Amino acid sequence: MHLSFRLVCLYLFVSVHFCTAQPCKTDAKVVSSKEALLASVKSDPAKRLVDLKKMIPGLVMDLRYATTNNFTKTVLYHHPVAYLRQAPASALKQVQDDLNKKGLSLKLYDAFRPLSVTCKIWRLVPDRRYAANPRKGSNHNRGLAVDLTIIDVKTGRELDMGTPFDSFTDTAHHSFTQLPAQVLANRRLLKSVMRKYGFDIVPDEWWHYQWRNNDDYEVIDLDFDDLK
């Protein structure tokens, strides 16, 4: 069933120009100008967006939605910088420091993404198990969520997590246990270290983690060029 659903999504993407031209509706509080974002950060410095590459030594970047190497086979955003808000960014650095002691490192697939990108994805995958409904906004849009995995520093290879990133299958669920022992151990490692420093899981995606305290963080709908 999931394979058929994914094929339908890919088929629908041929109409991406039409999809992306449609207005994006949301009930969330949205920051859509540089001036509004600066005012928000001025009122609460914890809302500052932090460049993860600059903050976290050795962090490996593989921002899939900035390439065609994603389930849509299309570039969804340009000139990205991996941003998180101040608190989750600091926590992610602690995760990296912890993993480094084991000869491991984080590899990042996605962090902050503009609301407009979430709208594009929702039109292709209108399924709450695998995509955020822009009506409420995504924690990616708030700068509070990351998609990531773990690599071996010496080899640069990803630890086997049982499925690729953005695998819309039951096998990607945290509750799925019909996997080799090493795969389950790798998932437990990622889950334990992320939870240790304040992140929560999304049940259907082994790669997705979000900051536990998401109160009062606005959705941001600004391109990366504007954020720079």
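The values are calculated or read from the model by the stated rules, or taken from the named source; none is laboratory data. As the structure is a prediction and not an experimental result, all values here were calculated from the model. Note: ideal-geometry Cβ built from the backbone for every residue, glycine included; neighbour counts use all protein chains shown.
Given the structure, is Arg195 under 25 Å from Asn214 (Cα atoms), in a helix (DSSP H, G or I) and not acidic (Asp, Glu)?
Yes.
Got a sec? Which of Asp221, Asp225, Asp166 is of a type in the set (Asp, Glu), more than 21 Å from Ser90 (Cβ to Cβ) and in contact with a Pro (Cβ under 9 Å, 6 or more places away or on another chain)?
Every option except Asp221 fails the conditions.
Please determine, by comparing only the residues of region 8-64 that are of a type in the set (Val, Ile, Thr), at pLDDT below 75 and surrounded by 14 or more Cβ atoms within 10 Å (Cβ to Cβ), which one is farthest from Gln86 (Cα to Cα).
Checking each candidate, the answer is Val16.
Of these, Arg188, Arg135, which one is of a type in the set (D, E, K, R) and part of a helix (DSSP H, G or I)? Please lay out each step first, then the result.
Numbers: Arg135 fails: part of a helix (DSSP H, G or I).
Within the list Arg188, Arg135, the selection yields Arg188.
Are any of the residues in region 84-99 on the phi > 0 side of the Ramachandran plot and in contact with a Lys or Arg (Cβ under 9 Å, 6 or more places away or on another chain)? Working first, answer last.
From region 84-99, those on the phi > 0 side of the Ramachandran plot are none; that's our starting set.
Within region 84-99, none of the residues are on the phi > 0 side of the Ramachandran plot and in contact with a Lys or Arg (Cβ under 9 Å, 6 or more places away or on another chain).
Does region 108-130 contain at least one residue that is modelled with pLDDT of 95 or more, closer than 21 Å to Leu84 by Cβ and aliphatic (A, V, I, L, M)?
yes
Give me the pairs, please: first residue somewhere in region 172-193 and in contact (Cβ under 8 Å) with a residue 24 or more places away in the chain and within 9 Å of Trp206 (Cβ to Cβ), second residue anywhere and surrounded by 16 or more Cβ atoms within 10 Å (Cβ to Cβ) and of a type in the set (Phe, Trp, Tyr), beta-carbon distance under 7 Å, and either six or more positions apart or on two chains.
Ala172/Trp206; His174/Trp206; Arg187/Trp206
How about region 87-142: which of its residues are among the acidic types (Asp, Glu) and either within 16 Å of the chain's Cα centre (by Cα) or crowded, with 19+ Cβ neighbours inside 10 Å (or both)?
So in region 87-142, the residues among the acidic types (Asp, Glu) come out as 97-98, 110, 127.
Asp110 - this is the single residue of region 87-142 that is among the acidic types (Asp, Glu) and either within 16 Å of the chain's Cα centre (by Cα) or crowded, with 19+ Cβ neighbours inside 10 Å (or both).
Return yes or no: is Phe176 buried (at least 22 other Cβ atoms within 10 Å of the Cβ), at pLDDT 95 or above, assigned to a loop (DSSP other than H, G, I, E, B) and aromatic (Phe, Trp, Tyr)?
no
Within the set of pairs 6 or more residues apart or between chains, which connect a residue that is without any contact (Cβ under 8 Å) to a residue 12 or more places away in the chain and outside any loop (DSSP other than H, G, I, E, B) inside region 56-83 to a residue that is of a type in the set (Val, Ile, Thr) and surrounded by 15 or more Cβ atoms within 10 Å (Cβ to Cβ) with Cβ atoms less than 8 Å apart?
Listed pairs, sorted by first residue: none to list.
State yes or no: is Asp147 part of a strand (DSSP E or B), on the phi < 0 side of the Ramachandran plot and either in contact with an Asp or Glu (Cβ under 7 Å, 6 or more places away or on another chain) or of a type in the set (Phe, Trp, Tyr) (or both)?
yes
Considering only residues of region 198-222 that are in contact with a helix residue (DSSP H, G or I) (Cβ under 8 Å, 6 or more places away or on another chain) and part of a loop (DSSP other than H, G, I, E, B), which is nearest to Asp44 (Cα to Cα)?
Checking each candidate, the answer is Tyr217.
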